[in-house]
Protein chains: 2
Amino acid sequence: MPDGEDGTRLGGGDRSGGPERRPDPGRGPISRGAGARRRVLEAALAVLDADGLGGFTMEAVARRAGASKATLYRHWPSTGALLVDAMDATYRPFPAPATGRLESDVAELLGAFVALLRDTPFPRLLGSFIAAAEREPALAARHADLTRRRREPLVEILRRARERGELPAALDLELTTDLLTAPFFYRRLVAHHPIPPTLVGEVIEQVLGPHRQRR
Amino acid sequence: MPDGEDGTRLGGGDRSGGPERRPDPGRGPISRGAGARRRVLEAALAVLDADGLGGFTMEAVARRAGASKATLYRHWPSTGALLVDAMDATYRPFPAPATGRLESDVAELLGAFVALLRDTPFPRLLGSFIAAAEREPALAARHADLTRRRREPLVEILRRARERGELPAALDLELTTDLLTAPFFYRRLVAHHPIPPTLVGEVIEQVLGPHRQRR
DNA sequence: TCCGATCGGCACGGTACCGTACCGATAGAG
DNA sequence: CTCTATCGGTACGGTACCGTGCCGATCGGA
């Protein structure tokens, strides 16, 4: 596999003027061991968010983390390995609503998801991960696992609803989860269309509406 | 947006409608004008497919095209501008089936789409475009337009079916198109899950099934 | 046929990043 | 408190790409 060698200029931080020094002034003295590792991973995500894959460089990450390149190379042999760990570090357990009613649970979850797509660096990072995963099988595998973990709460909501009899027993939960979430990825990353506040309700209505069953 | 200059040509859309009547102007001696332009754009896509955004470099594209850097800079002021034109060059009109029956038309179209995702460099290029578009508004706008053009045939099929009375008059065609296509993007680029041959039928059944109407 | 516009080749100085090595400092465990 | 593994800082040669300038060659329209 092509070892690293990544250096795009597309979003690249070609700063010909100032040296852009930002070693995170607010932090304490120096943290070692796991602390340093965490700091570097945070810096890696910050760099990826700011400058994309093109700016994702050992030097850039080290600068942002206030670390030395040597420290980075001690932990990660390549930018690819660093990217894998940084991607893993983006996982945050999604709040699983349990109002007990199918529609409101799903609406709440999808609403939080839309907010994540609209108000956070998440989609920008996701774009970089998608592009990188096309060329690094290790990253693709990790991202597949990450995605599975993120989907879990929604699948669980659907499963419970099915057990309560609100959804047909024969309904394919994985496919339904795809149909509920994929349009939002698609609009944000592919079609570059705005996501109106009403979309969550419309998707739920069109996907779940026909299958809704009275208990 | 760290890149200060970012010289993407927004209005430079000289999509030549010119009648280019050469049998194979590819590897002839030297081709000038539109020929050179086409050769460079092909090389740009080849480089992007092979090495991703990381390898997308004026030098690399020039090498692959058998052109000189000077030629590239004569046409495109930056890699961003080159990427925009290269992306536009990926558009191929999708064959619009017109069997006259909703299900078979959609199945045929989605089948071709799945083949595109499975057997061609398309998804790999798409990944790069997605990542780059997150950082280049000009690219995002172009990609939005490209996507709209690619969706058109499917929307048209749904519209005709609605006019024939096979779909409810109140059905949101755009949303339905999203629901029909987004899962495939999602599986291929985000979830990294295989797309079984049965998926097309399942998606059609779950999305269109409940709305099917007898005329 | 002819001439101008375009091309490929080449070279240039400048910049950024790579990957490694060595240093003195210090955090953090015992 | 002591000791050591880890850290930040610095430096290095090497590589790749940038963007520009200038050639002579040659395509391609008049």
* Asked: Short version: ³J(HN,Hα) in whole Hz for each residue of the stretch A:155-161, in order, from phi by Karplus 6.51 cos²θ - 1.76 cosθ + 1.60 (θ = phi - 60°), x for Gly and Pro, what are they?
  -> 4, 5, 4, 5, 5, 5, 4
* Asked: Taking the alpha-carbon centroid of each part, what is the distance from the stretch A:104-130 to the stretch B:135-188 in angstrom?
  -> 21
* To do: Please order A:ARG64, A:ARG212 by the number of other Cβ within 10 Å, starting at the fewest.
  => A:ARG212, A:ARG64
* Asked: When Cβ neighbours within 10 Å are restricted to other protein chains, what is their mean count per residue of peptide A:143-149?
  -> 3
* Structure fact -> Honestly the stretch A:145-215 on the Cα gyration tensor test (a ≥ b ≥ c root eigenvalues; a/c under 1.5 rounded, otherwise a/b vs b/c for prolate or oblate) is just oblate
* To do: Could you go through the stretch B:111-122 in sequence order and give the Karplus-derived ³J(HN,Hα) for each residue, using 6.51 cos²θ - 1.76 cosθ + 1.60 with θ = phi - 60°, rounded to whole Hz, and x for Gly and Pro?
  => x, 5, 5, 4, 4, 4, 6, 8, 10, 10, x, 3
* Asked: Taking each residue of B:134-140 in turn, how many C-beta atoms of other protein chains fall within 10 Å of its C-beta, and what is the average?
  -> 5
* Quick one: with label points 7 Å out along Cα→Cβ, list the inter-copy distances for A:VAL155 in nm, shortest first? => 3.4
* Translational diffusion coefficient (Stokes-Einstein; Kirkwood radius from C-alpha pairs) of the stretch B:89-215 at 20 °C, 1.002 mPa s, in µm²/s -> 138
* Label spacing, shortest first and in nm, from B:GLU174 to its equivalents in the remaining copies (7 angstrom along Cα→Cβ) -> 3.2
* Between A:GLU205 and A:ALA141, how many nm apart are label points set 7 Å from Cα along the C-beta direction? -> 4.5
* To do: Obtain the nm distance between the two label points defined at A:ARG149 and B:SER68 by a simple spin-label model: each point lies 7 Å from its Cα along the Cα-to-C-beta direction.
  => 5.4
* Structure fact -> Shape call for the stretch B:60-130, from the Cα gyration tensor axes a ≥ b ≥ c (a/c under 1.5 means rounded, otherwise prolate when a/b beats b/c, else oblate), comes out prolate
* Asked: Copy-to-copy spacing for B:PRO137, label 7 Å out on the Cα-to-C-beta vector, in nm, shortest first?
  -> 4.2
* Asked: Want the number for A:ALA89 to A:GLN213: 0.36 nm per residue separation, take away the alpha-carbon distance, what's left?
  -> 40.7 nm
* With each pseudo-label sitting 7 Å past Cα toward Cβ, what's the A:ILE195-A:ARG160 distance in nm, one decimal? -> 2.2
* **Rounded to whole Hz, the Karplus (6.51, -1.76, 1.60) HN-Hα couplings of the stretch B:184-194, x for glycine and proline** => 6, 3, 4, 5, 6, 9, 9, 7, 6, 10, x
* Could you work out, residue by residue across B:202-208, how many beta carbons of other chains sit within 10 Å of that residue's beta carbon, and then give the average as an integer? => 3
* To do: Determine, from the Cβ-Cβ distance of A:SER104 and B:ASP172 and an R0 of 25 Å, the FRET efficiency 1/(1 + (r/R0)^6), rounded to the nearest 0.05.
  => 0.70
* Order by protection proxy (mean Cβ within 10 Å, highest first), peptides A:108-121, B:148-161 -> B:148-161, A:108-121
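All of the numbers you see were taken from the coordinates with simple rules; none came from a lab. These numbers were taken from a predicted model, which means no experiment stands behind them. Glycine gets a Cβ as well: all are built from the backbone with ideal geometry, and neighbour counts include every protein chain shown.
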